[in-house]
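Trainee: Dropping a structure here in structure tokens format, bear with me for questions.
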Amino acid sequence: MSNQNRTIYGGKVNREKPINFVFNGKSYIGYQGDTLASALLANDVHLIGRSFKYHRARGILTAGSEEPNAIVQLGLGARTEPNIRATEVELYEGLEASSQNCWPSVNFDIGAMNNFLSRIFPAGFYYKTFKWPPSMWLFYEHFIRKAAGLGQSPTAKNPDRYEQKFYYTDITIVGGGISGLLAALGAGRSGCKVLLIDENPELGGYLLDYNFSINEKDGKKWLKKIIEELDGLANVTILKRTTAMGYYDYNYLTALEKVTNHHVEFSNTLPRERYWRIRSKKVILAQGAFERPLVFADNDRPGIMMASAGQKYLSRYGVLPGKSVVLFTNNDHAYLTAFEFVEKGAKVTVVDTRDLLNARISEKCKLLNIKVFKSYSVIKTYGDKKVNRIEIQQVDKNQNQLTGEVENIHTDCVLMSGGWNPAVQLFSQSRGKLKYDLKINTFVPDKIIENQKIIGSNNGQFNLQENLNESFEAGIAAANELNFNSVEKVNWTGKEEIEFTHSDVEPYMLGKKKVTKGSKHFIDFQNDVTAADIFLAQREGYISVEHTKRYTTTGMGTDQGKTSNVNALALMSHIHNKPVDEIGHTTFRPPYAPQTIGAIAGRSVDKLFDPVRKTSIHEWHVENKAVFEDVGQWKRPYYFPQNKEDIHQAVKRECLAVRNSLGILDASTLGKIDLQGPDAAKFLNMIYTNAWSKLEIGSCRYGLMCNEHGMIFDDGVTSRLGENHYHMTTTTGGAARVMSWLEEFLQTEWLDMKVFCTSVTEQWAVLSISGPNSRKFLEDLTNIDLSKENFPFMKFREGEVCGVKARIFRISFTGELSYEVNVPARYGRYVWEKFMEHGKKYNITPYGTETMHVLRAEKGFIIVGQDTDGSVTPSDMNMDWIVSKKKEDFLGKRSYTRSDTVRHDRKKFVGLLVNDKKTILPEGSHIVEKALKQPPMKMLGHITSSYYSPTLGYPIALAMLKDGISKMGEQVVVPLMNGKIIEATVTDTIFYDKEGKRNNE
Amino acid sequence: MSNQPQFFSPLTQKEKIASDNISLELIDFLGKINVRLKEDDVQARDAVEKYLTYSLPKSAGEVTGNNETRVLWLGPNEYLLLSEDEKKDNVINGLREILSDLFCAIIDVSDYYLTMRLSGPKSIEVLTKACPLNFDQYLTKGNSCAQSYISKATVLIDRLSDDLVFDISVRWSFADYLWDWLADSSNEFIFSEK
């Protein structure tokens, strides 16, 4: 039998279009327009899953995104997703879902024994496992980790596409219920740009499920017309199936649009979801309200649901969730649902906490043969996998206790209504302040911070008539405030059979004496937090609302307490005998509802994950099988293996080629900054530690850049191109930082200095050729006189190279005779290829960053960021020679007289040679005073760079060593992770060509 | 290989997109000249304007020009002058000459940026996927420009006409990434035609 709970007529599902789906391996049929929840209820499936902690049988509580119970594992394979609210999933052909948190099955679940062991799992039990005895934690942890979490994450790569979108609008309206629609209409008619967001597939909200009239005519027809008009307005954009997730400062909102989640077939081009980043001049919140559960013993059984959910299943989906129904309420409005159920053939009994009942409602109940128990409460429920009986008892309000005979009612569905909570989550995220409204027993918006309006039941206003006109006018007013023209106001007269008035919700909260032992009064369904847990937390001292939340976990999980928060607070208020306002509420944070990480990542995945910066010669490196290294976002050749060389063999070959003949390096990634202006030299004098005034045109100079604390933060060679024109180079990773640094000082400190700084990093391809044959090699390819006399070391010349206009800098990072050839990027690859072709006779060898590092280490040249770490001065690096004693001022100068920078026992830059001439010390190793069996050992320093030197035939290392200069020639020990202790001798940092003859050739 | 120096651009190997909704193509090398002069330096400004025969842009996002050159406002003291590639050396030398005694900087950045052209009715939809600019406020008509970012690359966007034609300049090293990004984002609009 299929769809046995479907009413004969009614609902908005398309009964012509059956849809096949599978739940827990069994096939069912639903209809187009169903949610997974409505289709399951239609097929008389009430047991949906097991609860988190106690593995209790759970069904469907609500009909919306606030659902705490009916969360399922949706989809299979790579597309499987845990924790999906069955109440939100639109049914599609072939849908597959299964219960969570149960094994081996939802019907027979071993974990359900937790329910009987609940005494050992009280609130905070997880934290208690930390406490005592300490050694037990490792034992507990094993089981806790296994039990933690709900559902299964997919293990395969996510096959779907997620897009993002930036959007600007005049007004964003969150919520497409009656208030949101009318606000959109008011603003839309005024002509301003409106974005209307609603999380449902259909606009209309609450009014889709209830009968009402406008101007004494059918309200549903009127609603349809309003939506049609909005659809026709070009300035109004409507996003359905879109949930506003975050509300940040200055009306910046994020929203998640489900684009194809509900499609049968996944699209190759359309995204599954789209993540919107919205900036809005004004925001109107019209999110409505959530119905509040009532707290009673075993209020969590399948078959117990919110009255409004029952209403929705019946009127929207044509599903009658039960035939013998009990409505448990503390307000008038829920009686509408009782009437609706009777009309559709159910037998209804009402248990009302109040003693007085509106005469009109009393009359109608009599007419419909509805028995009403006044001043009664449901005190317990029964039924293994679905409710089948309840106990009720009279409430003595004065004594706050139960009295009289316990009566039994047999039932298959309990509808409960404890009043309504405005959905204040986004309002609160936007820093809006809440106040507790005693009339309707809930928090309502109080003080607005952002440029925002909040309307309708979202603002605690539940009366239809009031909402109609106020919402429309709010839309007009918002447009007006943005200087759009006013439009005519409209007066609608709206009526519901039972009007919502503020006085008819009774503050009915569970009293202390109503907690009956041996049963659980659930406050938070998803996290299995009971009233007893709240009591316990208070007894154990967790009386701040934030502490109670964390101790008991109430308000956590996928629903973030949408159904539980207010009841928890009310109970705390009751326990402490304090107004709820004084208890306060926890902080609401984004996201409003669970959201996929994929949508936040958007298209920044796979090859688009992060930019790969490439030089103009990059493709040549790829074609010639370079192994690449990431340097910031750049890809730089690490080494160029030939045949089956490993890194050591390749680097050895590359190093020797440079030392003996000719090597070539792509140095294009170096930062380059063009400096021009009459004060350029003065500026350089301030930025660098050394003197620049006397640098001749055509000359190059190395400079160290320090911050105000005197610590090295970048280095490079700057050349004087013309009278007031300099070309600065920076480290690859430091380029952007240096550029900002220069601009910061020009724009905030030295406003009168006439200097323009312009980044030209990518303008130039830089081909660095190095080795004793580099002059001979280059002579054939350029019109520049390369003779030692005309073009000595540390000079710059302009001319042509391979027919391309070029700048050549005679500078060296290898210690060999070197030329850095700069050509416009577009010619980079051409010139490189010409070099390779022409260089064959010198066995020209392309080399990568590893060889560059080895060669410079042999020469003791520092790498900022490797040998330095932001805490070393030039003096620490033995570079006092580069710090001017004469200059009046420069960045860092004042710090060189501080007691801390002048003390002698600072770590100094030294060389280290291992005594065994074999071991390559791992970079980062500690140098200790005395090697002990285990730490702690007194540390003297650490290794900053360490390589095997092919030129020398043994390993070399650079290190920072306490008082290192006076330790020259001394022995130190370096304990390794593998337990070995290596002895080394402290040396000078220059291992090769100490006189610096080779680069001066 | 001829003896004439060969150009190379990482985008020449990219497959261009041409559809009714969206097109993406590479723009050949242009002369791109970074011009720095103080906004309130009337003398320098006058000299440049006289040389160009038209006014420099005065406010953020403005673009001025004639048949030969085009000037984009980049910042209070910074402009980008576009010319034909072959003529850029003339322009650079011409400007340096007339400004020789004045505080300014004329810098060839023709290879610093690579430029791609995004056009078609869906181009703003493609851009707003990853560019945080408000297209209701900026780049609303031809001859306007703006600097922003697209995903993780900083860009200079030049709207050439009231039609939806955008020249997007990006630093050379990011060009490959940006092209791939734009091509990927254009995907849904190419296929939706079929």
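Trainee: Go through (1) in contact with a helix residue (DSSP H, G or I) (Cβ under 8 Å, 6 or more places away or on another chain); (2) within 14 Å of another protein chain (Cβ to nearest Cβ); (3) β-branched (V, I, T) and name the single condition A:V831 misses.
Mentor: Exception for A:V831: condition (1).
Trainee: Let me ask something else about it. Based on this model, can you work out whether B:L26 counts as in contact (Cβ under 8 Å) with a residue 60 or more places away in the chain, open to solvent by less than 10 Å² (accessible area, probe 1.4 Å) and within 14 Å of another protein chain (Cβ to nearest Cβ)?
Mentor: Answer is no for this residue.
Trainee: To continue, here is another question. Of these, A:K165, A:K157, which one is at pLDDT 90 or above, surrounded by fewer than 22 Cβ atoms within 10 Å (Cβ to Cβ), among the basic types (K, R) and touching a strand residue (DSSP E or B) at 6+ places or on another chain (Cβ under 6 Å)?
Mentor: Among A:K165, A:K157, only A:K165 is at pLDDT 90 or above, surrounded by fewer than 22 Cβ atoms within 10 Å (Cβ to Cβ), among the basic types (K, R) and touching a strand residue (DSSP E or B) at 6+ places or on another chain (Cβ under 6 Å).
Trainee: Related question: Show the residue pairs meeting these rules: Cβ distance below 8 Å; 6+ apart or different chains; first residue within segment A:1-25 and open to solvent by 80 Å² or more (accessible area, probe 1.4 Å); second residue of a type in the set (K, R).
Mentor: A:K12/A:R316
Trainee: Could you pull out every one of the strands (runs of 3 or more DSSP E) wholly within segment A:727-846 that has 3 or more residues that are open to solvent by 50 Å² or more (accessible area, probe 1.4 Å)?
Mentor: Working: elements: A:756-759, A:764-770, A:796-801, A:804-809, A:818-824.
Strands (runs of 3 or more DSSP E) meeting the threshold: A:796-801.
Trainee: When you scan segment A:795-809, do you find a residue that is within 22 Å of A:G733 (Cβ to Cβ) and either within 13 Å of chain B (Cβ to nearest Cβ) or in contact (Cβ under 8 Å) with a residue 40 or more places away in the chain (or both), even just one?
Mentor: Yes - at least one qualifying residue is present in segment A:795-809.
Trainee: Tell me which residues, restricted to segment A:610-642, are in contact with a Phe, Trp or Tyr (Cβ under 7 Å, 6 or more places away or on another chain), closer than 25 Å to B:K152 by Cα and within 13 Å of another protein chain (Cβ to nearest Cβ).
Mentor: If the condition is that a residue be in contact with a Phe, Trp or Tyr (Cβ under 7 Å, 6 or more places away or on another chain), closer than 25 Å to B:K152 by Cα and within 13 Å of another protein chain (Cβ to nearest Cβ), then A:P611, A:V612, A:R613, A:S616, A:I617, A:K635, A:R636 are the ones that fit.
Trainee: Another question, if that's okay. Does any residue of segment A:749-756 turn out to be within 14 Å of chain B (Cβ to nearest Cβ), in contact with a helix residue (DSSP H, G or I) (Cβ under 8 Å, 6 or more places away or on another chain) and at pLDDT 95 or above?
Mentor: Among the residues of segment A:749-756, at least one is within 14 Å of chain B (Cβ to nearest Cβ), in contact with a helix residue (DSSP H, G or I) (Cβ under 8 Å, 6 or more places away or on another chain) and at pLDDT 95 or above, which makes the answer yes.
Trainee: Then there is this: Out of B:K38, B:K16, I need the residue that is of a type in the set (K, R), out of contact with any Cys (no Cβ under 7 Å at 6 or more places or on another chain), surrounded by fewer than 18 Cβ atoms within 10 Å (Cβ to Cβ) and within 13 Å of chain A (Cβ to nearest Cβ). Which one?
Mentor: B:K38
Trainee: Could you run through segment A:867-894 and say how many residues are under 45 Å from the mean Cα position of the chain (by Cα), surrounded by fewer than 19 Cβ atoms within 10 Å (Cβ to Cβ) and either more than 15 Å from A:L961 (Cα to Cα) or aliphatic (A, V, I, L, M) (or both)?
Mentor: The total comes to 3.
Trainee: Shifting gears a bit: Consider segment A:36-70. How many of its residues are open to solvent by less than 10 Å² (accessible area, probe 1.4 Å) and in a strand (DSSP E or B)?
Mentor: 2
Trainee: Under 7 Å between Cβ atoms, at least 6 apart or on separate chains: pull out the pairs that start in segment A:357-375 with a residue that is farther than 18 Å from A:E506 by Cα and end on any residue that is modelled with pLDDT of 95 or more and in a helix (DSSP H, G or I).
Mentor: A:K364/A:F339; A:L368/A:F339; A:L368/A:V342; A:I370/A:A338; A:I370/A:V342
Trainee: Can you name the residue in segment A:86-108 that is of a type in the set (D, E) and assigned to a loop (DSSP other than H, G, I, E, B) and is also most open to solvent (accessible area, probe 1.4 Å) among such residues?
Mentor: Once the filter is applied, the top-ranked residue is A:E93.
Trainee: With the structure loaded, tell me whether A:K893 is touching a residue at least 40 places away in the same chain (Cβ under 8 Å) and not assigned by TED's automatic domain parsing to the domain that holds A:V973 or whether it fails that test.
Mentor: Yes.
Trainee: Go through the residues of segment A:594-603 one by one and say whether even a single one is within 14 Å of chain B (Cβ to nearest Cβ), open to solvent by 40 Å² or more (accessible area, probe 1.4 Å) and outside any helix (DSSP H, G or I).
Mentor: Yes, there is a match, as at least one residue in segment A:594-603 is within 14 Å of chain B (Cβ to nearest Cβ), open to solvent by 40 Å² or more (accessible area, probe 1.4 Å) and outside any helix (DSSP H, G or I).
Trainee: Which one of the conditions (1) modelled with pLDDT of 95 or more; (2) open to solvent by 50 Å² or more (accessible area, probe 1.4 Å); (3) within 19 Å of A:Y688 (Cα to Cα) does A:T897 fail to meet, given that it meets all the rest?
Mentor: Tallying (1) modelled with pLDDT of 95 or more; (2) open to solvent by 50 Å² or more (accessible area, probe 1.4 Å); (3) within 19 Å of A:Y688 (Cα to Cα), A:T897 fails exactly one: (1).
Trainee: Could you list all residues from segment A:524-548 that are surrounded by 24 or more Cβ atoms within 10 Å (Cβ to Cβ) and farther than 16 Å from A:F52 by Cα?
Mentor: A:A531, A:I534, A:A537, A:T548
Trainee: Still on this structure: Regarding A:I440, is this residue out of contact with any helix residue (DSSP H, G or I) (no Cβ under 9 Å at 6 or more places or on another chain) and in contact (Cβ under 8 Å) with a residue 24 or more places away in the chain?
Mentor: no
Trainee: What number goes with the only condition from (1) among the aliphatic types (A, V, I, L, M); (2) without any contact (Cβ under 8 Å) to a residue 12 or more places away in the chain; (3) open to solvent by less than 40 Å² (accessible area, probe 1.4 Å) that B:I150 does not pass?
Mentor: Status for B:I150: all satisfied but (2).
Trainee: Pick out the one residue from A:T845, A:T873, A:T851, A:T868 that is among the polar types (S, T, N, Q), modelled with pLDDT of 95 or more, out of contact with any Ser or Thr (no Cβ under 7 Å at 6 or more places or on another chain) and over 22 Å from A:K635 (Cβ atoms).
Mentor: None of the other options fit; the residue is A:T868.
Trainee: How many of the residues in segment A:358-369 are in contact with a helix residue (DSSP H, G or I) (Cβ under 7 Å, 6 or more places away or on another chain) and either open to solvent by less than 20 Å² (accessible area, probe 1.4 Å) or among the charged types (D, E, K, R) (or both)?
Mentor: 2
Trainee: Can you name every residue in segment A:262-288 that is under 25 Å from A:V194 (Cα atoms) and either within 14 Å of another protein chain (Cβ to nearest Cβ) or surrounded by fewer than 21 Cβ atoms within 10 Å (Cβ to Cβ) (or both)?
Mentor: Answer for segment A:262-288, where residues must be under 25 Å from A:V194 (Cα atoms) and either within 14 Å of another protein chain (Cβ to nearest Cβ) or surrounded by fewer than 21 Cβ atoms within 10 Å (Cβ to Cβ) (or both): A:L270, A:P271, A:R272, A:E273, A:R274, A:Y275, A:W276, A:R277, A:I278, A:R279, A:S280, A:K281.
Trainee: Which numbered condition in (1) over 19 Å from A:V854 (Cβ atoms); (2) in a loop (DSSP other than H, G, I, E, B); (3) open to solvent by 10 Å² or more (accessible area, probe 1.4 Å) is the only one that A:P611 fails?
Mentor: (3)
Trainee: Another question about this same structure. Can you confirm whether B:L102 is on the phi < 0 side of the Ramachandran plot, surrounded by fewer than 17 Cβ atoms within 10 Å (Cβ to Cβ) and aliphatic (A, V, I, L, M)?
Mentor: Working: on the phi < 0 side of the Ramachandran plot: yes; surrounded by fewer than 17 Cβ atoms within 10 Å (Cβ to Cβ): yes; aliphatic (A, V, I, L, M): yes.
So B:L102 fits the description; yes.
Trainee: Continuing with the same structure: Among what's in segment A:834-861 and is of a type in the set (A, V, I, L, M) and within 42 Å of the chain's Cα centre (by Cα), pick the residue that is nearest to the other protein chains (Cβ to nearest Cβ).
Mentor: It comes out as A:M852.
Trainee: Let me ask another. Condition test on A:I238, is it open to solvent by less than 60 Å² (accessible area, probe 1.4 Å) and either free of Cβ contacts under 8 Å to residues at least 40 places away in the same chain or closer than 21 Å to B:F189 by Cα (or both)? Outline the logic, then answer.
Mentor: Numbers: open to solvent by less than 60 Å² (accessible area, probe 1.4 Å): yes; either free of Cβ contacts under 8 Å to residues at least 40 places away in the same chain or closer than 21 Å to B:F189 by Cα (or both): yes.
Yes, satisfied.
Trainee: Collect the residues in segment B:124-138 that are farther than 13 Å from B:S186 by Cβ and open to solvent by 30 Å² or more (accessible area, probe 1.4 Å), keeping them in residue-number order. Step through it out loud before you land on a result.
Mentor: Start the filter on segment B:124-138 by keeping residues that are farther than 13 Å from B:S186 by Cβ, which leaves B:131-138.
Once the filter is applied, which keeps residues that are farther than 13 Å from B:S186 by Cβ and open to solvent by 30 Å² or more (accessible area, probe 1.4 Å), segment B:124-138 yields B:D136, B:Q137, B:Y138.
The values are calculated or read from the model by the stated rules, or taken from the named source; none is laboratory data. Bear in mind the structure is a predicted one, so any value in this text is a computation, not a measurement. Glycine also receives a Cβ, built like all others from the backbone with ideal geometry; neighbour counts cover every protein chain displayed. Side chains are part of the model used for accessible areas, which takes the heavy atoms of the whole protein and leaves out ligands, DNA and RNA. Shrake-Rupley method; radii C 1.70, N 1.55, O 1.52, S 1.80 Å.
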